[in-house]
1. In the stretch 52-103, what residues are surrounded by fewer than 17 Cβ atoms within 10 Å (Cβ to Cβ) and at positive phi?
2. Would you point out the residue of the stretch 286-306, among those that are assigned to a loop (DSSP other than H, G, I, E, B) and surrounded by fewer than 22 Cβ atoms within 10 Å (Cβ to Cβ), that is modelled with the highest pLDDT?
3. Please verify whether the stretch 187-199 includes one or more residues that are modelled with pLDDT of 85 or more, part of a helix (DSSP H, G or I) and within 30 Å of residue 346 (Cβ to Cβ).
4. Suppose the filter is in a helix (DSSP H, G or I) and either closer than 18 Å to residue 274 by Cα or touching a helix residue (DSSP H, G or I) at 6+ places or on another chain (Cβ under 6 Å) (or both); does residue 345 pass it?
5. Of all the residues that make up the stretch 39-59, how many are in contact (Cβ under 8 Å) with a residue 40 or more places away in the chain and assigned to a loop (DSSP other than H, G, I, E, B)?
6. Where in the stretch 352-445 are the strands (runs of 3 or more DSSP E), entirely inside, with at least 1 residues that are within 28 Å of the chain's Cα centre (by Cα)?
7. Any residue in the stretch 396-410 that is over 11 Å from residue 433 (Cα atoms) sitting within a Cβ distance under 6 Å of a residue that is part of a helix (DSSP H, G or I)? List the pairs, counting only those 6 or more apart or interchain.
């Protein structure tokens, strides 16, 4: 599978990881924990981690991020471990990237590039590939000068040689290179800006299509439940368990990117649409949040959010806070949230559930893998949905019998009385359906 155009095509990469802790900058993640997650990201991208190091700084070095002594230490580590890649846990500026590569004579990337690369590997649909390619270009554009020089070295050809950047799925991004040079750089900047504009236009079309699709869903009043969570918390496993779906499940970060929606029956027999969204992670690149906004808007349209938490993770609270922060950034933090404390089957001490439950709203302990607690989870979904329903009583003419069908399908019917020309009905309906029913030009008798 393609490694996009950030990591080397067809060559095993051996990496050293570098963490930085800036004194006075608060962080809920320890340096060691953040590096451990970076190592997991690297393995997900197919990179072999051969070593790691870190530095605690009073202030950032504007030229190389780390101090000159640490640069020399990295140079020695690179030679000793035979690495061909160094990955920084902090986002590097174009200047820092350029100066580090010049000093260390090795390819340098940061956490943002690594996550973009994983997204490029895992994007399967046309929409997913567009979103990832846009994020890649937005990241690359300000770093173009450094990248062009690096690419000509990587290709190993003369200055007039030609190479092609590769995007998600391994295809050509359509940006030709003829080697470094001011004129060439200006032309390539223009081409990339044009490509970015084209990709944004395509995403707008997709966004419009999604909006029309969501409007059609709302028109029939079917409730929507969005599953969110830190990457690898078990979201896809939960959707599979609820809907007998066949969503890819792997013990890797960001195993699935493209949203999957399935119909799921509630205990009452009513149906909801359940959508599995992309996993979240700390320091999620802003380019990805922007590019995937059309996909993440599924969360904004949800009636209920199920937040899946891996209760076995020692970082469960930090991971949850990251999810809440992103929901707040998306404007979805006001939605009703059910917390599914997942993987209880792996707990040695069940009291851990009680200890964590007080930190979360609407807690339901589950094991998505073992299908434990799913009935209670769906009961909680139905309970919240019913609390949002509106009382409706009206006369529906037989000429508008489709509304009666919608009421029976998505509402809670308390009573029906057949009369001349129609049905007098009483019960509870979802807000969208209640609004539609209220517009009926008929008389309640």
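The values are calculated or read from the model by the stated rules, or taken from the named source; none is laboratory data. All values derive from a computational prediction rather than experimental measurement. Here the Cβ positions follow ideal geometry from the backbone for every residue, glycine too, while neighbour counts run over all protein chains shown.
1. Correct list: 82 only.
2. 303
3. no
4. Values: in a helix (DSSP H, G or I): yes; either closer than 18 Å to residue 274 by Cα or touching a helix residue (DSSP H, G or I) at 6+ places or on another chain (Cβ under 6 Å) (or both): no.
So residue 345 fails the test.
5. 3
6. On the way: elements: 363-365, 390-397, 412-419, 422-429.
Those strands (runs of 3 or more DSSP E) span 363-365.
7. Close Cβ pairs satisfying both conditions: 396/403; 396/404.
Conditions (1) modelled with pLDDT of 90 or more; (2) under 20 Å from residue 97 (Cβ atoms), marked per residue:
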{"site": "4", "(1), (2)": "no, yes"}
{"site": "26", "(1), (2)": "no, no"}
{"site": "31", "(1), (2)": "yes, no"}
{"site": "36", "(1), (2)": "yes, no"}
{"site": "39", "(1), (2)": "yes, no"}
{"site": "48", "(1), (2)": "yes, no"}
{"site": "60", "(1), (2)": "yes, yes"}
{"site": "78", "(1), (2)": "yes, yes"}
